[in-house]
């Protein structure tokens with residue numbers, strides 16, 4: 001296969017609760033566009049968890065490993081330069097989820113990143129925005145998966161509201177439906193549960209609408225696409241190809257739900273366009289859509305065939321600096337999200353930015369000498385430095401531990417779960433004890449991330465020591481490393497020439513021990529003359 005030098009091949013894998021999906025795309029870097037050249041899908045039911053422990057079962061993990069191997073083989077056959085994989089609801093909620101991701105890496109060499117529900121919703125938004133023009137109007141996006149349903153309120157520039165709720169087609173089928181056809185009692189219980197679970201996200205979403213706005217509803221992913229196919233085959237006697245732009249009314253959905261509820265599983269599977277595995281869960285998924293449309297007062301839904309997988313592609317292109325269109329605003333999602341969290345927890349940004357500048361300066365000056373971390377780790381250090389003191393929002397005592405909690409659970413967007421855990425630990429160890437094996441949050445990290453935390457938190461300690469007074473006494477720091485002597489010299493340049501910076505010198509002398517142990521060097525501090 002001939003590939004233009006301006007092209008690259010990328011594969012994106014979505015390891016969901018019901019299915020594992022992959023798209024292989026050709027990215028044209030000069031046009032900042034991508035074309036889908038291959039797809040792969042396997043229904044693995046990873047969400048069929050052990051009813052007692054809640055863990056992923058060996059059978060489900062074996063099915064998933066086999067599916068991922070097929071995905072990898074297909075991606076390699078297309079000469080994919082990168083394979084990006086994410087895991088969602090089922091893996092997030094299982095105690096053995098991270099162990100399974102480690103197993104995937106050991107057996108297949110695939111790195112699968114766990115992402116939060118909000119991050120999943122954000123990437124779904126990017127996928128939809130990549131193929132649908134919002135015309136500066138608000139849109140509600142609904143994605144009904146196997147384990148969760150994402151509701152998003154967005155316009156052309158940004159996602160105003162992102163949510164992920166634990167109602168999904170596989171989850172609800174397993175928890176509520178035991179009769180076949182479903183009994184009226186189970187149907188009512190299912191309906192009441194869906195409404196109860198969706199009540200809060202629907203209210204919050206509607207609270208983000210401006211006066212007079214009437215948003216359009218966009219639906220993505222397998223359940224909604226299958227409902228569209230059922231509808232089209234009934235009404236038009238044909239299956240639209242593509243499904244993009246196909247619409248259904250609330251009345252249409254209500255009618256399909258009524259029809260599905262009257263059938264047994266065998267009859268649902270016999271409906272043209274419904275596979276065996278989809279037929280088992282389609283009723284619960286259709287009811288989620290029906291209740292969501294009712295609660296949102298949406299009379300019509302429009303289908304979009306792009307969702308999480310394509311959003312993974314767009315996110316990668318944004319991070320690589322390949323997109324300069326209206327999506328450029330999204331490339332700053334990490335920075336904007338950090339600043340939002342900083343504002344929420346009353347972080348002193350002037351102080352935080354000074355500490356971050358010192359941390360990055362030491363990082364840059366010691367790169368290639370004391371460490372070999374790159375741009376990705378540098379950004380994790382920046383976030384940890386900006387937010388390291390946010391725990392004071394809760395209490396000054398042990399605020400480094402509170403900082404860990406707020407960062408870990410603060411809904412920072414644009415990061416994977418392992419990145420969030422790494423950032424939170426970097427901030428956690430900016431003071432007091434250095435990382436220890438008995439600290440579970442640190443010890444549960446993979447070895448590489450533990451090393452990142454150990455080394456970057458040591459840099460952050462020095463940066464914090466450099467800014468002991470609100471006046472910002474130190475203008476900059478110059479690092480000189482003598483490899484032969486194993487010594488790092490820190491030369492401090494004061495902001496005011498006659499300031500002796502005694503407090504900063506004392507603080508560095510007190511704080512440097514952890515850095516010395518981590519990097520195996522002696523640190524000598526002096527005031528530049």
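Every number here is computed from the coordinates shown, using simple stated rules; none is lab data. None of the values given here were measured: they were computed from a predicted structure. Backbone-built Cβ (ideal geometry, glycine too); neighbour counts: all protein chains shown.
Structure values in brief
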read-out: Cα→Cβ-extended label distance, 7 Å offset, between residue 433 and residue 211, nm; value: 5.5 nm
read-out: Where labels lie 7 Å past Cα in the beta-carbon direction, separation of residue 156 and residue 524 in nm; value: 6.1 nm
read-out: Rounded FRET efficiency, nearest 0.05, which uses the C-beta distance separating residue 269 from residue 394 and R0 of 60 Å; value: 0.70
read-out: Length gained when the stretch residue 444-residue 166 is fully extended (0.36 nm per residue, less Cα-Cα span); value: 97.5 nm
read-out: Largest-first principal axis extents, alpha carbons of region 66-120, Å; value: 33, 23, 15
read-out: In nm, spacing of pseudo-spin labels at residue 475 and residue 39 (7 Å Cα→C-beta vector); value: 6.1 nm
read-out: Efficiency of FRET from Cβ geometry, residue 300 and residue 69, R₀ 45 Å, rounded to 0.05; value: 0.65
read-out: Expected 222 nm ellipticity per residue - DSSP helices of 4 or more, -39500 (n - 2.57), all of the chain, to 500; value: -15000 deg cm²/dmol
read-out: Relative contact order (%) - the chain, alpha-carbon pairs under 8 angstrom, separation at least six; value: 11 percent
read-out: Separation of alpha-carbon centers, region 185-211 and region 311-385, rounded to whole Å; value: 36 Å
read-out: Region 229-300 and region 403-435: distance between their alpha carbon centers, rounded to Å; value: 42 Å
read-out: Computed lengthening from residue 236 to residue 81, 0.36 nm per intervening residue step minus Cα-Cα distance; value: 51.6 nm
read-out: Antiparallel content of DSSP bridges confined to the chain, in %, to 5; value: 65 percent
read-out: Computed lengthening from residue 485 to residue 184, 0.36 nm per intervening residue step minus Cα-Cα distance; value: 100.4 nm
read-out: Label zone at residue 319, where the point sits 7 Å out along the Cα-to-Cβ direction: region 353-397 residues whose backbone N lies under 13 Å; value: 375-380
